[in-house]
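Structure, as structure tokens:
Each reported figure results from applying straightforward, stated rules to the coordinates on display, with no laboratory input. All figures in this text were calculated on a predicted structure; none of them were measured in a lab. Reconstructed Cβ throughout: ideal geometry from the backbone, glycine too, with neighbour counts over all protein chains shown.
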Amino acid sequence: NPFILDASISAGKWDKYISDSSWYGNTGVRTLYPVNINGNRYLTGTIHPKKSIELKRKNTIELDATYLFRLSRNPQYINAVLNIDNSILHNPEFNFLYRHKDIAALKLVKGWFVYNSKQKGFNDNQLKSITNYIRWIAAIQLPKNLYWNTNITYNKNTSNNTSAIYYTIWNAAVSYRFLKGNSGEIKFEALDLLRQNKGIINTSTANTQVFTTSNVLQNYFMLTLSFYPRKFGK
């Protein structure tokens with residue numbers, strides 16, 4: 001029943017950083033110039049606690065969580081006015097896993113991506129974007145050497161001044177292991193069974209906010225044949 005805790009933090013700062021100097025003319029045409037500028041910096045940190053609990057009859061529960069944050073400061077010029085982009089990203093995630101021997105496993109994942117960006121200088125704009133997701137994962141080995149798994153992810157993406165976007169991704173697969181030492185595998189996958197996959201772009205740069213959805217590869221199937229050379233040396 002081990003308890004594991006991983007943590008990390010990093011920071012950086014640049015002087016004479018190459019940034020953009022944007023000039024908007026009366027006709028709306030934008031001209032970009034590369035300039036050297038000071039004051040670009042970031043701070044990133046993660047923490048990941050994990051606890052395993054062994055139950056009776058070879059049943060196991062695993063609880064873990066992850067929290068990631070990133071602070072950044074990016075200066076640039078807009079029409080000769082210094083503009084500072086201060087942004088922060090939060091990504092908390094919680095996981096619950098139940099496993100019975102090596103036969104069956106169920107996992108529940110709950111997480112968020114929260115992004116905030118504030119502009120100071122040329123124009124005091126603010127962007128807030130939240131992606132809320134929940135994922136269910138199930139896997140089972142039945143009969144021997146035949147593996148079934150599926151995962152469903154429900155997503156909700158919101159941003160200021162836009163309507164919420166909802167979509168669900170459902171994937172499923174079955175694989176069979178063969179040859180000595182299970183070194184061969186044939187696998188069939190069905191991806192995006194609900195045909196709801198969306199490409200979402202939500203960014204903020206200088207005084208411009210971009211929020212788009214685009215058509216991406218949706219429902220498709222894959223058949224793969226793999227070989228794993230598990231034995232090395234003599």
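Within a Cβ distance under 13 Å of F96, other residues only, what is the Lys/Arg minus Asp/Glu net charge? Residues close to F96 contribute a combined charge of +3.
Taking a Cβ cut-off of under 11 Å around Y154, the surrounding Lys, Arg, Asp and Glu residues balance to a net charge of +3, with basic ones at +1 and acidic ones at -1.
Listed by chain and number, the lysines whose C-alpha is less than 17 Å from the C-alpha of K50, apart from same-chain residues fewer than 8 away, are K107, K110. Length available on full extension from N59 to I84: 0.36 nm per residue minus the Cα-Cα distance, which gives 3.7 nm. D by Stokes-Einstein for the chain, Kirkwood Rh over Cα pairs, 20 °C, 1.002 mPa s: 98 µm²/s.
Between F221 and N151, full extension at 0.36 nm per residue minus the direct alpha carbon distance yields a gain of 23.7 nm. Using 0.36 nm per residue and subtracting the Cα-Cα separation, the extra length available between L142 and Y33 on full extension is 33.1 nm.
Taken one residue at a time, the phi angles of region 154-166 give Karplus couplings (6.51, -1.76, 1.60, θ = phi - 60°) of 9, 10, 9, 10, 10, 8, 4, 6, 9, 7, 5, 10, 10 Hz. Gly and Pro are set to x.
Derived scalar couplings between HN and Hα for region 169-182 equal 10, 10, 10, 8, 7, 9, 9, 10, 9, 8, 6, 5, x, 6 Hz in order, rounded to whole Hz, by the Karplus curve 6.51 cos²θ - 1.76 cosθ + 1.60 (θ = phi - 60°), x for Gly and Pro. A Förster distance of 25 Å, applied to the separation of the beta-carbon atoms of T66 and I200, puts the FRET efficiency at 0.70.
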